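Below is one structure, written out as structure tokens, with a few remarks after it.
The values are calculated or read from the model by the stated rules, or taken from the named source; none is laboratory data. The structure presented is a predicted model; accordingly, all values stated were derived computationally and were not measured. Please note: Cβ atoms are built from the backbone with ideal geometry, for glycine as well, and neighbour counts cover all protein chains shown. Protein only, heavy atoms only, side chains kept; ligands, DNA and RNA dropped before computing areas. Shrake-Rupley method; radii C 1.70, N 1.55, O 1.52, S 1.80 Å.
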Amino acid sequence: MSTAYPPGPRLPRIAQTLLYATARPRLLTAMCARYGEVFTLRLLPPYAEHLVVFSRPEHIREVFAGDPADMHAGEGNRVLGAVMGEHSVLLTDEAEHARARRLLMPAFAASALRGYRGLVEQIATEHVDSWTPGAALHTLDRMNDLTLEVIMRVVFGVSDPRRRELFAPRLRRIVNINPLMLFGGIWPRLQTLGPWRRMRENQDALSELLYGEIARRRADPDPGGADVLSRLLAVGSGDDATDVPLSDAELRDQLVTLLLAGHETTASALSWAFHELAADPLVQERAYRAVLDGDDKYVEAVLKEAMRRRTVIGGAGRKLTREMTIGGWRLPGGTVVSTSILLAHRNADRHPDPERFSPERFLDGALAPNTWLPFGGGVRRCIGAGFSLMEGTVVLREVLSRYTLSLPPGVHGERVRIRNITHVPAGGARVVLTARPREDAPVDPVCEVSPTRT
Ligand code: HEM
């Protein structure tokens, strides 16, 4: 059987690349409507020369179940190299990836999550205390502040808040870049120009801060510390003497990966959830009742449905290291295959009435496998999946127990913007907060208008 790429648009490569970088959801939706559930995009670096997009559950299963030696996710994530560093768990493959994952996973295992819950509750309360009712709250910014503080505490432990404050603006600047900035990692000459130069300088300054923190902690270790840095510094010493200790460069790359991957994504999911709740008073009322009843399942379903209806990460890529057949297509080695989270979540056969925001989907029986995949899958499934669901549920509960949410006057919907690699609400998912009279008082339905949708 000879190799052939599935059909795709005939637009020049540069046009496809620009559309992919700046208008991805619209491009993918249009291509799926035109070519069906498998199609090929031809792109320029830093993206793949041939990107074959899959969204059928059977095809997604084939990709996620593939041998990691045949399908390199690290190579598929090369676009993130300049930011995360070559040792990052997101950028490596096979043995190096397996080692990084083995060392990082315990910090996000179920037992560790139970330990973080109290911390997340405390930080959520402090942040929500500082909000002013009545004004339109930019929930994306507020959630980024909150989730950044949470992940910094989880990664660094209870170190001096003034030290954490040094990191925050540097990390925010990285999160805030538009996808075109990622081209700087592939074409180093770009790094001499305005925005790319500033991005490089910011990354260098962040690395310096991280190396400083690593040196400080090496000099004054906390052997029993539960934070990620203490755990990683303990590798290869004491009880864990079987492993090779991590170098400073490895530590830097894993820390920056967790700090970035671990906050912007959850912040985006939460801000989409607030937008959807503000747009749908009936769902919001049900979520409030669930909070009063201590029913975390429904609150978590709100978050899961926000991740379905408003995709946070659009897809998970794998670069084929050899010729392979996927979805019946014989593809040459070097092809990048993408499981499209965005298209899988919008498929009307698997998610009836996909535009409707309905947390009940996650309560009425289990969803079919590979139809809800916000965290990717297989050996590369997101390390922080359980953590972000726990964090998001705690934050939603804190906000819903104290406020009703409504859309600001004149706001009816929210468009998507890609920031770095995350799909965020373009207008920041602004909502107006109204303080609830008493935490345990029964509430009147907020209003009866039907929800508005984009
Ligand atoms: C709503 C929140 C989140 C979403 C939607 C999300 C989504 C994803 C996706 C799609 C992947 C790629 C999976 C694949 O290739 O199959 C991923 C990987 C990863 N995520 Fe998340 N993530 C979230 C939160 C977090 C958090 C809180 C952390 C850390 C605390 C985290 C750390 C990571 C890491 C380290 C990887 C790389 C895993 C590997 O390559 O082995 N993520 N995430």
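Could you give the longest part of the chain that holds none of the trypsin sites (Lys or Arg not before Pro) found in DSSP loops with at most 16 neighbouring Cβ atoms within 10 Å?
Of all site-free stretches, the longest is 11-321.
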### Query
What is the Cα radius of gyration of the chain over 2.2 N^0.38 Å, N being its residue count?
0.98
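At 1.4 Å probe size, with the rest of the protein present, what percent of the exposed accessible area of the chain is carbon and sulfur atoms?
Numbers: 10440 of 19350 Å².
Here carbon and sulfur together make up 54 percent of the probe-accessible area.
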### Query
Over all Cα pairs of the range 67-201, how is the pair count split among 5 Å bins, expressed in % and running from 0 up to the last occupied bin?
2, 8, 13, 15, 16, 18, 14, 9, 4, 1, 0
### Summary
A correct Kirkwood calculation over the Cα atoms of the range 293-431 returns a hydrodynamic radius in Å of 17.2 Å
### Query
Under the definition of Cα pairs under 8 Å and six or more residues apart, what whole-number percent is the relative contact order of the range 260-321?
43 percent
### Query
Can you give the calculated 222 nm mean residue ellipticity of the chain, where each DSSP H run of n ≥ 4 adds -39,500 (n - 2.57) and the sum is split over every residue, rounded to the nearest 500 deg cm²/dmol?
-15000 deg cm²/dmol
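In nm, what is the difference between 0.36 nm times the number of residues separating ARG163 and GLU86 and their Cα-Cα distance?
Details: separation 77, 0.36 × 77 = 27.72 nm, distance 2.56 nm.
Result for the pair: 25.2 nm of gain on full extension.
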### Query
If you keep only loop residues by DSSP, which GluC sites (Glu not before Pro) in the range 27-126 have at most 14 other Cβ atoms within 10 Å of their Cβ?
GLU49, GLU86
### Query
Where in the chain are the DSSP H helices whose alpha-carbon span along the long axis reaches 24 Å or more and whose Kyte-Doolittle mean is at least -1.0?
110-129, 139-156, 385-402
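Quick one: putting +1 on the C-beta of Lys and Arg, -1 on the C-beta of Asp and Glu, what dipole do you get for the chain around its Cα centre, in Debye to the nearest 20?
On the way: 57 positive and 54 negative charges, 313 e Å.
I would put it at about 1500 debye.
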## Note on the structure
Whole-Å distance linking the alpha carbon centroid of the range 114-155 with that of the range 37-92 is 32 Å
### Task
Could you check the simple spin-label distance between GLU58 and THR29, using points 7 Å along Cα→Cβ, in nm with one decimal?
2.7 nm
